[in-house]
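The values are calculated or read from the model by the stated rules, or taken from the named source; none is laboratory data. All figures in this text were calculated on a predicted structure; none of them were measured in a lab. Note that each Cβ is placed from the backbone with ideal geometry, even for glycine, and that neighbours are counted across all protein chains shown. When the accessible area is computed, the model is the full protein with side chains, heavy atoms only, and any ligands, DNA or RNA have been set aside. Shrake-Rupley method; radii C 1.70, N 1.55, O 1.52, S 1.80 Å.
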Amino acid sequence: MLPIYVLIITGLKTNEEVNVAYMWNLPKGINFDGFNQAWPKVSANFQNSMLMTIPAVIISSFIGSINGYVLSKWKFRGSETMFAMLLFGVFMPMQVVLLPMSQVLGWLGIASSIWGLILMHVIAGIPSTTLFFRNYYVGLPDELVKAAMLDGAGFWRIFTRIVLPLST
């Protein structure tokens with residue numbers, strides 16, 4: 001929190017007040033000139049970060065929720081092994097996958113694009129989101145799924161009408 005405090009306090013100071021010796025002091029008055037000068041320089045990078053982050057989080061969360069639902073409520077042969085492999089992906093260092101991922105992004109022709117970054121972050125986020133959602137869905141009563149199945153609901157209807165609304 002200290003770097004954020006210093007960032008905000010320094011941004012509210014005038015140029016004369018910005019000094020290493022007084023960086024912890026509150027500004028004498030509120031001045032937005034620092035932010036007004038900085039925003040044109042960082043706005044394009046901020047926009048790129050939002051264009052990459054928002055879709056990547058939504059997509060990986062959605063895929064992770066489906067994976068978590070399948071691995072917690074629809075047991076099948078090999079489901080525990082598949083979960084263990086996904087769990088291994090949570091603890092795998094990114095340095096292991098950087099070279100293969102860059103080669104695949106190059107072959108797809110999206111290595112230097114926002115779409116490549118989105119794809120990379122989605123793939124990197126799936127193990128974590130699967131772990132989070134699976135651990136949450138294990139706590140949901142199995143009777144909910146069984147009652148929905150008795151009422152004739154299938155996989156997707158149970159997921160979209162019962163499980164996904166409980167995920168928020």
Could you tell me whether region 113-123 includes any residue that is at pLDDT below 90, polar (S, T, N, Q) and more than 21 Å from Thr168 (Cβ to Cβ)?
no
I want to confirm something. Restricting to region 142-154 and keeping residues that are surrounded by 15 or more Cβ atoms within 10 Å (Cβ to Cβ) and not in a loop (DSSP other than H, G, I, E, B), which single residue is modelled with the highest pLDDT?
Ala148
Pair list, Cβ < 6 Å and 6+ apart or interchain, from region 78-94 residues that are surrounded by 11 or more Cβ atoms within 10 Å (Cβ to Cβ) to residues that are at pLDDT 85 or above
Ser79/Leu71; Phe83/Leu71; Leu86/Pro127; Leu86/Thr130; Gly89/Pro127; Val90/Pro127; Val90/Ser128; Val90/Leu131
Selection within region 6-21 - open to solvent by 80 Å² or more (accessible area, probe 1.4 Å) and either of a type outside the set (A, V, I, L, M) or farther than 15 Å from Ala38 by Cα (or both)
Asn15, Glu16, Val20
Considering only residues that are open to solvent by 70 Å² or more (accessible area, probe 1.4 Å) and among the polar types (S, T, N, Q), look in region 111-141 and name the one that is farthest from Ser61 (Cα to Cα).
Ser112
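Out of Thr14, Thr10, which single residue is over 26 Å from Ile118 (Cα atoms) and part of a loop (DSSP other than H, G, I, E, B)? Working first, answer last.
Details: Thr10 fails: part of a loop (DSSP other than H, G, I, E, B).
Answer to the check: Thr14.
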